[in-house]
Amino acid sequence: MILSSYHRLMHLLAFIICSFLICAHSDVPRPRGVSLSKASLYSPTKDFTCFDGTVTIPFSYVNDDYCDCFDGSDEPGTSACLNGVFHCTNAGHRAQNIPSSRVNDGVCDCCDGTDEYAEPDSCPNTCEELGREARAEALRLSELHKEGSQIRLELIEKGNKRRNEMAEQLAQLEKDKSEAETIKAEKEAIKNELEEKENEALKVYREAEEKEKQRKAEEENQQTIKDATEQFNRFDSNQDGQLSVEEIKVVNVFDKNKDGEVDQEEYQYFFGDSENVNLELFISTAWPMLKPLLMMEQGMFKPAEEEHESVRETDADDLSRELENEDLEGAEDENMDDSELPLEEDDHDLEQDHNKGYDEETQKLVNEATEARRQFTDAERAVREIDSSIQNIQHNLEKDYGLQQEFATLDGQCFEYEDKEYIYRLCMFQKITQKSKNGGSEVGLGNWGEWGGEENKKYSVMKYTNGVACWNGPNRITTVNIHCGLETKILSVTEPFRCEYKAELTTPAACDNNVSQAHSTHDEL
Ligand code: MAN
């Protein structure tokens with residue numbers, strides 16, 4: 001009871017002294033390596049209970065260089081417990097907690113040198129000097145944040161304005177879209193109606209065209225039969241309606257390898273295993289192979305070809321040609337003779353032909369349908385364009401530009417950084433690239449992914465992911481650490497691991513006057 005009152009009295013004394021004087025709390029009696037906040041847990045008048053509550057030991061076991069507690073709490077001032085924590089007060093600077101394994105290991109960890117008490121002279125106390133520097137740095141940062149915050153306020157204002165504008169644009173675009181969709185539906189209805197009429201009118205032309213196609217195919221077929229029969233009769237020297245091996249032997253064209261005779265293999269090439277070949281078999285099997293060979297053997301085929309031409313010319317007078325000339329060419333083309341007709345005209349799709357041989361009424365319907373199609377395509381494009389603008393804006397509106405939109409105006413702004421080898425280009429909220437100074441193309445180091453800072457520092461790290469794949473490795477990624485600065489600029493870009501890049505960027509958007517610039521993990525002094 002008396003000792004406990006003494007303890008409290010000591011606390012009170014320390015409080016009173018420290019309230020009026022700058023002093024080290026180390027004046028409060030506590031075992032070595034114990035912080036002020038934990039001092040009451042180590043009462044010399046009581047047994048000590050490990051922090052995890054598992055073991056209670058006599059107080060004399062505390063810091064006896066033997067580890068009794070699983071959590072290391074009985075040896076805060078020695079390296080006996082692997083998981084112990086040593087607290088250094090570091091009066092004049094920032095208090096620190098270090099693993100107790102570092103106590104008396106020959107390395108100065110605490111600026112007050114208390115972690116190396118076995119050799120007190122080995123670690124001089126540098127806390128005053130470090131503290132001074134740290135305070136100066138904190139002051140500099142605090143001034144920087146103060147100044148930067150003014151710019152940040154402007155950024156917030158612009159950012160909010162930009163967001164509002166985007167929201168307004170989006171609302172307008174939604175309206176435009178519904179109007180554009182109405183127009184599209186109207187245009188589609190008109191187009192369908194006119195196309196129906198056009199189709200109806202073109203039916204007759206399509207049928208004529210189909211007929212003409214069939215007629216041509218039939219004509220070609222007849223020609224083939226005619227040509228083939230002619231040649232067949234030529235080869236069939238005994239005119240018995242069959243081609244025999246003997247008859248073939250004397251015909252040059254079957255001598256494929258030109259060795260002066262037609263052997264069994266060459267015969268088989270044209271006629272297969274049939275010994276006697278009648279006209280029908282000749283036409284279906286041998287003729288398709290023979291025809292090109294005959295064409296090459298000039299003099300043999302040419303007369304026949306010429307003959308075909310004359311046949312065609314005669315045919316040109318037939319009904320369908322008349323149809324083409326009279327019905328399809330229309331009144332204005334009537335003076336044109338066949339030779340003036342562009343050759344490819346025959347192959348044109350009737351539907352796409354304007355002013356080509358339709359009667360006036362049909363042509364009018366085709367023109368109207370064509371115009372309706374054009375208007376529908378335009379209306380369709382208009383909807384598509386509005387849609388893509390909507391998607392763009394929505395995509396931007398979904399982006400996280402900070403709690404107060406302070407990063408919004410940076411979206412799309414690009415900043416460059418050059419080192420010896422590369423030029424890096426960061427386009428905020430878009431992507432980061434790397435270009436070698438020796439030429440070559442740009443390499444994507446990542447596309448905007450997400451904010452990646454921890455807990456309440458979310459907006460201190462930007463992650464750009466899914467860049468160009470690293471050779472034999474994963475896709476490149478870049479982490480951008482954001483710091484307060486009066487200008488937005490890149491301070492450095494490094495590649496700590498292959499294809500994993502790290503950039504340091506300053507920007508007024510990250511300045512915050514309300515946050516203390518002294519370390520937030522400020523330990524007690
Ligand atoms: C390029 C650059 C480097 C990267 C290598 C990996 O040279 O993108 O940054 O380390 O590719 O192969």
Shape box of segment 48-134 [Cα atoms, principal axes, largest first, Å]: 43, 23, 19
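Give me the percent of accessible area attributable to carbon and sulfur for segment 429-484, probe 1.4 angstrom. Mind dumping the intermediate values first?
Values: 1450 of 3180 Å².
Carbon with sulfur: 46 percent of the solvent-accessible area.
Could you give the length gained by full extension between Ser40 and Asn456, i.e. 0.36 nm per residue of separation minus their alpha carbon distance, to one decimal place? Mind dumping the intermediate values first?
On the way: separation 416, 0.36 × 416 = 149.76 nm, distance 3.16 nm.
Gain on extension, Ser40 to Asn456, equals 146.6 nm.
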Nonlocal amide H pairs with Gly446, under 5 Å, H built at 1.01 Å: Ile432, Gly467, Val468
For segment 408-520, with +1 on Lys and Arg beta carbons and -1 on Asp and Glu, the positive-most of Ile482, Cys414, Tyr459 along the dipole: Cys414
For segment 127-202, size of Cβ-based charge dipole, Lys and Arg +1, Asp and Glu -1, in debye: 580
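As a quick test, which of the pairs Lys258/Lys291; Lys211/Lys291; Lys161/Lys463 have an alpha carbon distance above 24 angstrom in this structure? Intermediate values should be presented prior to the final figure.
Numbers: Lys258/Lys291 17 Å; Lys211/Lys291 27 Å; Lys161/Lys463 26 Å.
Among Lys258/Lys291; Lys211/Lys291; Lys161/Lys463, the Cα-Cα distance tops 24 Å for Lys211/Lys291; Lys161/Lys463.
Tell me the relative contact order for segment 408-520 as a rounded percent, counting alpha carbon contacts under 8 Å between residues six or more apart.
Numbers: 260 pairs, mean separation 19.0, N = 113.
RCO, segment 408-520: 17 percent.
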Segment 473-489 versus segment 164-221: alpha-carbon centroid distance in Å: 51
Accessible area expressed per residue, segment 184-281, with surrounding protein chains retained (probe 1.4 Å, Å²): 64
Cβ crowding within 10 Å averaged over residues, with 244-254, 214-224 ranked highest first: 244-254, 214-224
Given Lys399/Lys437; Lys458/Lys502; Lys191/Lys216, the pairs whose alpha carbons are separated by over 23 Å: Lys399/Lys437; Lys191/Lys216
Rounded to 5, percent antiparallel among DSSP beta bridges of segment 391-525: 80
Rounded to whole Hz, the Karplus (6.51, -1.76, 1.60) HN-Hα couplings of segment 428-443, x for glycine and proline: 4, 6, 10, 7, 10, 10, 10, 10, 6, 6, 8, x, x, 8, 5, 10
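Rank by packing, highest mean first: peptides 461-473, 363-375, with packing defined as the count of other Cβ atoms within 10 Å averaged across residues. Write down the numbers at each step before the final one.
Details: 461-473: 15.5, 363-375: 17.3.
Result, highest mean first: 363-375, 461-473.
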Residue-by-residue Karplus 3J(HN,Hα) for segment 121-134, coefficients 6.51, -1.76, 1.60, Hz, glycine and proline x: 7, 6, 10, x, 6, 10, 4, 4, 5, 4, x, 4, 4, 5
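Dipole size in debye (nearest 20) for segment 408-520 around its Cα centre, Lys and Arg Cβ +1, Asp and Glu Cβ -1? Each step should come with its number before you reach the end.
Details: 12 positive and 14 negative charges, 51 e Å.
Charge dipole, segment 408-520, about its Cα centre: 240 debye, nearest 20.
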Inter-site label distance for Glu398 and Phe51 at 7 Å from Cα along Cβ, in nm: 4.5
Met296 versus Glu165: modelled label distance in nm, points set 7 Å from Cα along the beta carbon direction: 7.3
Vicinal HN-Hα couplings computed from phi for segment 490-495 (Karplus, 6.51 cos²θ - 1.76 cosθ + 1.60; Hz; Gly/Pro x): 8, 8, 6, 9, 10, 10
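Write down the accessible area per residue of segment 408-520 in Å², having rolled a 1.4 Å probe over the full set of protein chains. Present the calculation step by step, with values, prior to reporting the outcome.
On the way: 6180 Å² over 113 residues.
Accessible area per residue: 55 Å².
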Protection proxy ranking, peptides 259-270, 187-198, average beta carbon neighbours within 10 Å, highest first: 187-198, 259-270
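The values are calculated or read from the model by the stated rules, or taken from the named source; none is laboratory data. Nothing here was measured: the structure is a model prediction, and the numbers come from that model. With ideal geometry, Cβ positions are generated from the backbone for all residues, glycine too; neighbour counts draw on all protein chains shown. SASA here: full protein model, heavy atoms, side chains in, ligands and nucleic acids out. Shrake-Rupley method; radii C 1.70, N 1.55, O 1.52, S 1.80 Å.
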